[in-house]
1. List the helices (runs of 4 or more DSSP H) that sit entirely inside region 67-184 and contain at least 2 residues that are under 18 Å from residue 195 (Cα atoms) and more than 23 Å from the chain's Cα centre (by Cα).
2. Can you list the strands (runs of 3 or more DSSP E) found entirely within region 235-295 that contain at least 2 residues being free of Cβ contacts under 8 Å to residues at least 40 places away in the same chain and either over 36 Å from the mean Cα position of the chain (by Cα) or more than 23 Å from residue 225 (Cα to Cα) (or both)?
3. Among the residues of region 188-196, is there at least one that is out of contact with any helix residue (DSSP H, G or I) (no Cβ under 8 Å at 6 or more places or on another chain) and surrounded by 14 or more Cβ atoms within 10 Å (Cβ to Cβ)?
4. So, in region 164-180, exactly how many residues are touching a strand residue (DSSP E or B) at 6+ places or on another chain (Cβ under 8 Å) and surrounded by fewer than 20 Cβ atoms within 10 Å (Cβ to Cβ)?
5. Count, please, the residues in region 204-244 that happen to be more than 17 Å from residue 16 (Cβ to Cβ) and crowded, with 18+ Cβ neighbours inside 10 Å.
6. If you check residue 206 against the conditions, is it modelled with pLDDT of 95 or more, in contact with a helix residue (DSSP H, G or I) (Cβ under 6 Å, 6 or more places away or on another chain) and not in a strand (DSSP E or B)?
7. Those residues that are assigned to a loop (DSSP other than H, G, I, E, B) and surrounded by 22 or more Cβ atoms within 10 Å (Cβ to Cβ), I need them from region 46-64; list them, please.
8. Test each condition in (1) surrounded by 21 or more Cβ atoms within 10 Å (Cβ to Cβ); (2) at pLDDT below 95 for residue 124 and report the one that comes out false.
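The values are calculated or read from the model by the stated rules, or taken from the named source; none is laboratory data. Just so it is clear, the model here is predicted, and its values are computed rather than measured. Here Cβ is always computed from backbone atoms with ideal geometry, including for glycine, and neighbour counts include all displayed protein chains.
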């Protein structure tokens, strides 16, 4: 049991439910919510439960181990996973009723063998490469793969429940070219005698921008967590609510005179007398060390205050200046959260790091306690729930 955690990622369950409902309103079809990489850093079990409560038809992971962990955590809903090593244990997947994304004939045969050994039927979704050039069966493989899948389906070893691909997000013309290739694959699959229940191509970006790519299912990740996949539109503009509030607390306050050097290397020197607050969060927790001196800020007592000095493995320093007399040890510090509630958006870190919001939230470290909260994002999580996680 962990108590009194100094590092918390508060995860708003209402926010995730709202975001999934928003996707359902936009598409009118089935929604698969991707909870790989520990739910994009939000906690896979927390994210899966909230997504399903919001109306998701299925959750998805990258690999079998992630899917099995969800089963062990009590998630009984359909789960899809699609990225497999040569030694992947499809037997465990079949036994746990996990739908396996199949990208080539060798995987299909291994899945059928696992089903045969257990005397049951495995469920597969066929993944097609339509131009992203990553995993998925290439067009020249489709005829043989589909014919064999149909044969195994007639034999009762494999049921093909879906077909899917992934867009490169390289612009509308490329998306439409991929969709045309995907349509060819779906038509060929149907001609082989397989009628897939789920047909999905759109991930988060296309779900928001390209209704013609929705088919009967969409497969979303980052928008379920309330983050925008679009450079020119914020979460609020898209009707989304960021689910994660990353927060810590002040564990020391120190008044210092002008000329005081701060943290390693003294790359920050206080120009005037001020007060420095020590916050126990660092690069081991997913806070990029390169943020130091970059202009990043946090909220303390509702005010924006700058991060100063080099960020350490376990801690960083905030210049709290004129707030000093109002602060006590234990004062909450919000590193990022919902800007509609006055918190720094995660996109500030992403912009300073020249990366995307996905990488920041997925990189939050294991020391950070994920706390599910029924309060709005950035509200007060229940302390009892926090202690029991």
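1. By residue number, 142-154.
2. 252-256
3. No.
4. Matching residues across region 164-180 total 0.
5. Filtering region 204-244 down to residues more than 17 Å from residue 16 (Cβ to Cβ) leaves 205-206, 209-217, 230-234, 237.
Now restrict to residues that are crowded, with 18+ Cβ neighbours inside 10 Å: 205-206, 213-215, 217.
Adding up the residues that qualify gives 6.
6. Yes, satisfied.
7. Of all residues in region 46-64, those assigned to a loop (DSSP other than H, G, I, E, B) come to 54-57, 62-63.
Across region 46-64, the qualifying residues are 54, 56.
8. Exception for residue 124: condition (2).
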